[in-house]
Amino acid sequence: MRRPRWLSRTLVVLTLVSLTQDAASELLYPLLPLLLTGVLAAPPVVLGLVEGAAEVTAGLSRYVAGRWSDRRGRTVFIGAGYGLAAVGKAVVAAATVWPVVLLGRVVDRLGKGVRSAPRDALIAASVPPEALGRAFGFHRAGDSLGAVIGPLLGLLALAATDGDLHRALWWAVVPATLSALLVLLVRERRPVPAPVLPAVPATDQAAAPPVPRNPVPALPQRFWRVATVLVLFAVVNFPDTLVLLRVMELGVSTTHVVLAYVLFNTVYTLGSYPAGRFADMLPPAVVYGAGLVAFAVAYAGLGLVDGGPWVFVLVAVYGLFPAFTDGVGKAWVSSLVPDGVRGRAQGVFQGLTSGAVLVAGLWAGLLWDLGPGQGVVPLVVSGVLAATCAAWLLARGRMAA
């Protein structure tokens with residue numbers, strides 16, 4: 001059977017790289033609330049601080065790496081990013097006080113920032129423009145499949161280590177290292193160098209206008225319009241560790257919290273590719289807006305329910321949010337700019353989004369610290385604001401259709 005034209009070798013290899021890395025990340029991630037608030041006795045605001053600082057680090061490095069990778073090649077940044085992520089996970093596994101967890105998460109997310117924009121730009125350059133949604137949907141499906149495998153590995157690790165959290169976390173280093181090694185299989189088609197301009201004769205130099213060196217085109221206004229709306233929404237999208245903390249507050253056991261996270265990522269995996277196909281056929285604003293509707297229902301619902309099976313239903317609904325926004329947002333941004341600045345555009349967009357997530361983690365964590373059950377307020381507020389943003393995007397999409 002002939003492989004579809006959009007399913008490039010680069011896309012397949014980078015999807016495998018992301019799958020193994022996310023298996024490592026998501027083995028560790030759902031155990032962080034237990035590590036920080038349980039084993040290391042940190043208050044809930046530390047969860048927001050740790051994840052917010054990690055995201056802002058990723059954001060700043062995304063911008064720098066995205067800009068440089070457009071000029072210096074993308075593969076070296078991808079390899080360095082996955083290597084740093086493996087180091088960061090080892091630091092978290094070794095932590096005995098919460099500031100060391102903060103350091104490990106910052107190193108881990110520094111790696112994510114260094115690799116993300118160059119990787120997404122390389123994916124976009126390897127597929128036809130009309131298949132960007134499918135390509136990013138396929139990549140996110142592979143990435144989130146790793147997020148299904150990771151928590152299950154975490155449960156296996158806890159069982160194999162008799163519940164020793166630190167020893168279980170060391171298991172994350174193995175798939176993280178494998179991911180960094182797989183980057184060696186990535187092949188990059190370097191851009192054709194710009195033609196060399198003929199030298200201006202000495203007699204004509206005074207009259208000749210100066211020629212700018214390597215002019216960098218500005219990002220178009222349509223990019224800034226879309227990025228502004230999506231970044232404003234990110235201010236209410238606080239880290240998922242706080243969502244998992246809310247699930248724990250509702251009386252769910254540690255094992256079932258991990259299984260709830262597996263359910264979330266299973267829905268994310270199954271929904272990513274169809275969402276990408278929809279984004280190739282419909283205005284991206286419509287698909288993204290549908291994802292925000294799922295976010296609004298899940299956040300408001302988790303804030304208002306008092307436990308029971310509804311928790312798992314809402315976690316499953318929440319999985320539709322990244323399925324319909326993560327890959328779709330990256331494909332949308334890539335479609336708004338030419339290939340020569342895609343790394344910079346992804347870096348700007350992802351960097352600003354990470355800064356917004358830091359703000360979201362801090363304000364939500366502070367409200368959480370006001371007392372038992374205070375997670376209700378940030379969840380409901382975020383749900384209402386997401387619904388407002390979804391209505392705007394869906395209306396915009398209908399006008400563009």
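Suppose we filter the range 305-338 for residues that are at pLDDT 90 or above and polar (S, T, N, Q); how many remain?
1
Can you tell me which residue is nearest to the chain's Cα centre (by Cα) among those in the range 56-93 that are surrounded by fewer than 23 Cβ atoms within 10 Å (Cβ to Cβ) and among the polar types (S, T, N, Q)?
Out of the qualifying residues, it is T57.
Being under 18 Å from L49 (Cα atoms) and not basic (K, R) is the filter here, so list the residues in the range 99-112 that pass it.
Answer for the range 99-112, where residues must be under 18 Å from L49 (Cα atoms) and not basic (K, R): P99, V100, V101, L102, L103, G104, V106, V107, D108, L110.
Can you find, within the range 375-388, the residue that is modelled with the lowest pLDDT among those that are in a helix (DSSP H, G or I) and surrounded by 20 or more Cβ atoms within 10 Å (Cβ to Cβ)?
That would be P378.
Given the structure, is V257 closer than 19 Å to L47 by Cα, in contact with a Leu (Cβ under 8 Å, 6 or more places away or on another chain) and of a type outside the set (D, E)? Talk me through it step by step, then tell me what you get.
Numbers: closer than 19 Å to L47 by Cα: yes; in contact with a Leu (Cβ under 8 Å, 6 or more places away or on another chain): yes; of a type outside the set (D, E): yes.
Considered against the rule, which asks whether it is closer than 19 Å to L47 by Cα, in contact with a Leu (Cβ under 8 Å, 6 or more places away or on another chain) and of a type outside the set (D, E), V257 comes out as yes.
The rows are residues; the columns are (1) among the acidic types (D, E); (2) over 25 Å from S126 (Cα atoms); (3) surrounded by fewer than 22 Cβ atoms within 10 Å (Cβ to Cβ); (4) at pLDDT 85 or above.
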site	(1), (2), (3), (4)
P4	no, no, yes, no
V12	no, no, yes, yes
Q21	no, no, no, yes
L31	no, yes, no, no
L34	no, yes, yes, no
T37	no, yes, yes, no
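Which condition number does T96 fail, the rest of (1) under 18 Å from L49 (Cα atoms); (2) under 14 Å from the mean Cα position of the chain (by Cα) being met?
Against the list (1) under 18 Å from L49 (Cα atoms); (2) under 14 Å from the mean Cα position of the chain (by Cα), T96 comes up short only on (2).
Taking only the range 60-100 into account, find how many residues are closer than 21 Å to S179 by Cβ and assigned to a helix (DSSP H, G or I).
25
Inspect the range 31-47 for any residue being in a helix (DSSP H, G or I) and under 17 Å from the mean Cα position of the chain (by Cα) and give the result as yes or no.
no
List every residue pair whose Cβ atoms lie under 6 Å apart, where the two residues are 6 or more positions apart in sequence or sit on different chains, the first residue falls within the range 268-287 and is closer than 18 Å to A131 by Cβ, and the second residue, located anywhere, is not in a helix (DSSP H, G or I).
If the second residue must be not in a helix (DSSP H, G or I), the pairs left are P283/A401.
Somewhere in the range 358-369, is a residue β-branched (V, I, T), under 19 Å from the mean Cα position of the chain (by Cα) and crowded, with 24+ Cβ neighbours inside 10 Å?
No, because not a single residue in the range 358-369 is β-branched (V, I, T), under 19 Å from the mean Cα position of the chain (by Cα) and crowded, with 24+ Cβ neighbours inside 10 Å.
The values are calculated or read from the model by the stated rules, or taken from the named source; none is laboratory data. In this text, all values refer to a predicted model and were calculated from it rather than measured experimentally. All Cβ positions, glycine included, derive from the backbone under ideal geometry; neighbour counts span all protein chains shown.
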